[in-house]
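Enquirer: Below you will find the structure I want to go over with you.
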Amino acid sequence: MTCKQLSFNDLAITPADIYEQMGYGDAVPDEQTQRETQALMDEVHRWLRPQFCFFVSRNLPAFHMGSIIEQQLRGSEAYALFICTAGVEYEAWQQRLKELEDMVRVYIADAMGSVIAEKCADRMEEHLQQSIDKLGWHHTNRFSPGYCGWHVSEQQLLFPLFAGQTCGVCLTDSSLMVPIKSVSGLIGVGKEVRRLDYTCGLCEMHQCYKRRKK
C-alpha cells in the first residue's frame, strides 16, 4: 500500500482550472469572481492536506464495470486500486462557508474541491507510474464507480480491499464518499495497456467531468 499526503503546492492548481470546473471553459469570469477565487486559493493554501493511497493487485472482486471500462482495461496484467481525497479539513471548511451563506464563495469552493480531488488523483497516477516503471509497465485511464456504466454501489466491494487504509474516506449507506470531494476506483497496468482518450461518444452520462474537460 502506498499512501501519501500532499500540499496545495503539490497539486499545481491554477485559477483557470477552477474556472473550467465552474463551466467557463476557456473564458474568464468577472473580476469579482476572479478576486474571490484567488482569495479562496490563498486561504486553503495554508492548511490543505489532500491524500491518496493505492495498491496493485493481480486479482479483482467480481465487479460489474460494464463494457466501456472492460474494453479499456483489456490486456491489463494487474490493477491499481486507489482512493484520493481533498481531506476532512476541506469538507469542514466548505460547511463553514455554507453556514455563512456566502453563495458565491460556496460555489467557488465546490468547484475548487472537485479540482483538488482530481489533481490529487493526477499525482497518484504519477506515483503509480514511477512504481511500475521498473517492470516496463504502462497504465490505463482511471475509472470510478458511478461513471462509464459502473454502478456506484460497487464502492461497497472496493473499499473493504483497503483494509481500513482509506485516507479517512468512508462510505454512506448509499455508497457516497465522505468527504464528498474524493475519488476512488481502479487503473489497469501492464506492458500492453495504454492511457487512451475517454470514450465519451459511447457514454450516456452527459454531465460527466471527463466530458466537460474535452
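Enquirer: How tilted is helix 31-45 with respect to the longest principal axis of the chain? Cα atoms for both, answer in degrees (0 to 90, nearest 10).
Expert: With both axes taken from Cα atoms, the answer is about 60 degrees.
Enquirer: Hey, what angle do you get for helix 88-100 against the long axis of the chain, alpha-carbon based, 0 to 90 degrees rounded to 10?
Expert: In the chain, helix 88-100 runs at an angle near 30 degrees to the longest axis.
Enquirer: Return one number: the angle in degrees, 0 to 90 and rounded to the nearest 10, between the long axis of the Cα atoms of helix 103-132 and the longest principal axis of the Cα atoms of the chain.
Expert: For helix 103-132, the angle is close to 30 degrees.
Enquirer: Calculate the FRET efficiency for ARG195 and LEU135 from the Cβ-Cβ distance with a Förster distance of 22 Å, rounded to the nearest 0.05. Walk me through the intermediate numbers first.
Expert: Working: r = 16 Å, r/R0 = 0.73.
Working from the Cβ atoms, E equals 0.85.
Enquirer: Can you tell me the FRET efficiency between LEU176 and TYR107 if r is taken as the Cβ-Cβ distance and R0 is 25 Å, rounded to the nearest 0.05?
Expert: Calculated transfer efficiency: 0.80.
Enquirer: Evaluate the distance, in nm, between pseudo-label points positioned 7 Å from the Cα of VAL152 and of VAL28 along their respective Cα→Cβ axes.
Expert: 3.6 nm
Enquirer: Express in nm, to one decimal, how much length is gained between ARG96 and ARG49 on full extension, taking 0.36 nm for each residue of separation and deducting their alpha carbon distance.
Expert: 15.2 nm
Enquirer: Okay, moving on. What residue among ALA86, ALA39, ALA62 shows peak mean-square fluctuation when the chain is described by a Gaussian network model with Cα springs under 10 Å?
Expert: ALA62
Enquirer: Mind checking which aspartates and glutamates have their C-alpha under 20 Å from LYS4, skipping anything on the same chain fewer than 8 residues away?
Expert: GLU89, GLU91, GLU118, ASP122, GLU125, GLU126, ASP133
Enquirer: Let me ask something additional. Using protein chains only and a probe of 1.4 angstrom, how many square angstrom of SER175 are accessible, to the nearest 10?
Expert: 10 Å²
Enquirer: Name the most mobile residue of VAL189, VAL178, VAL169, meaning the one with the largest mean-square fluctuation, in a Gaussian network model of the chain with Cα contacts below 10 Å.
Expert: Checking each option, the largest mean-square fluctuation is seen for VAL178.
Enquirer: Right, here's the next one. Which of the peptides 53-60, 180-187 is most tightly packed, and how do the rest follow, going by the mean number of other Cβ atoms within 10 Å of each residue?
Expert: Descending mean neighbour count gives 180-187, 53-60.
Enquirer: Something else about it: For a quick check: with amide H placed at 1.01 Å from N, whose amide H comes under 5 Å from ALA78's, ignoring anything fewer than 5 positions away on the same chain?
Expert: When sequence neighbours closer than 5 places are left aside, the close amide H contacts are VAL189.
The values are calculated or read from the model by the stated rules, or taken from the named source; none is laboratory data. All values reported here derive from a predicted model rather than from experimental measurement. Glycine gets a Cβ as well: all are built from the backbone with ideal geometry, and neighbour counts include every protein chain shown. Remember, those area values only see protein heavy atoms, side chains included, never the ligands or the DNA or RNA. Shrake-Rupley method; radii C 1.70, N 1.55, O 1.52, S 1.80 Å.
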